[in-house]
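Readers should treat all values here as calculations from the given coordinates under stated rules, not as data from a laboratory. Because the structure is a prediction, the values reported are computed rather than measured. Cβ: placed from backbone, ideal geometry, glycine included. Neighbour counts: every protein chain shown.
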Amino acid sequence: AEEPAGLRAIAARGMALGGGDGGPTILDLQSGALSWRDKFIDVWAAFNASGTPPFTTRDVAVYADVVRRIRSLAESTFGVSGLHLTAPTFFSRHSGDRPPKTRHDEYWHVHVDTLQYGSFTYTALLYLADGDVDFSGGRLAFVDERWERPLERVVPRPGKLVLFSSGHEHPHHVERVESGERLALTVAFTCDPEAALHDFLSRAV
């Protein structure tokens, strides 16, 4: 589909300038954070140093349209209005051939998004790789309130969207990627206007 392909192009172009040592690579377009070895660098500064435009106008248009459509779906699904995009909204790539180097590389621990990220009210996960073709492992697992027993597992498929409220009612984790590369986009929304992201895509072209 056009949208996953366009989003994969954004992720590939940005992540080509970096890459984490320990498995995960994060690209946060809003803050400019890009994994590089065991730290983060500014992807916009890296693009400036390379002398090339970061993304095409078409890439940015696809990204903005996907975010708009996910927000509309979240509002209709949860019966709310006026949701705001919030940070962090980021691409994540998990490589099965790289063991963790730091505790931050251990992405497979159970967590709650509101505790981990603060401003999240609703979380959307849009998958850009296939769990049966591009990688093994890496399923999304929702667990019980004791953070022990799996309740549901989701196998990623390109274009599949998982949408859920971000609080204690949805503890979850990503199972460890065993081989290949898992690619996804996390899009988060908040009801708090003070935590809203404003237009940051002007930096992208």
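Taking Leu183, Leu126, Leu73 as the candidate residues, the one with maximal mean-square fluctuation in a Gaussian network model of the chain, Cα springs under 10 Å, is Leu73. Using a Gaussian network model of the chain in which every pair of alpha carbons under 10 angstrom is joined by a spring, one finds that among Thr25, Thr86, Thr77 the greatest mean-square fluctuation is at Thr77.
Using only C-alpha atoms and all pairs of different ones, pull out the Kirkwood radius for the chain in Å with one decimal. Kirkwood radius, the chain: 17.4 Å. Gain on full extension, evaluated as 0.36 nm per residue between Arg146 and Glu194 minus their Cα-Cα distance, stands at 14.1 nm.
When DSSP beta bridges are restricted to pairs lying wholly in the chain, around 95% turn out antiparallel.
Taken over the range 1-79, the alpha-carbon convex hull comes to 115 cubic angstrom per residue.
Summarising the strand pairing of the range 18-101, around 85 percent of its internal DSSP beta bridges are antiparallel. Remark: the His170-His111 segment gains 20.4 nm on full extension, using 0.36 nm per residue and subtracting the alpha carbon distance.
Each Lys and Arg contributes +1 and each Asp and Glu -1, all at the Cβ; summed about the Cα centre of the range 1-127, the dipole is approximately 120 debye.
From helices alone, the chain scores -7500 deg cm²/dmol at 222 nm; the rule is -39500 (n - 2.57) for each run of n ≥ 4 DSSP H residues, then divide by the residue total.
Relative to the current alpha-carbon distance between Ala5 and Gln30, full extension at 0.36 nm per residue lengthens the span by 7.0 nm. Projected label points at Ser50 and Arg68, each 7 Å from Cα along the beta carbon direction, are separated by 2.7 nanometres.
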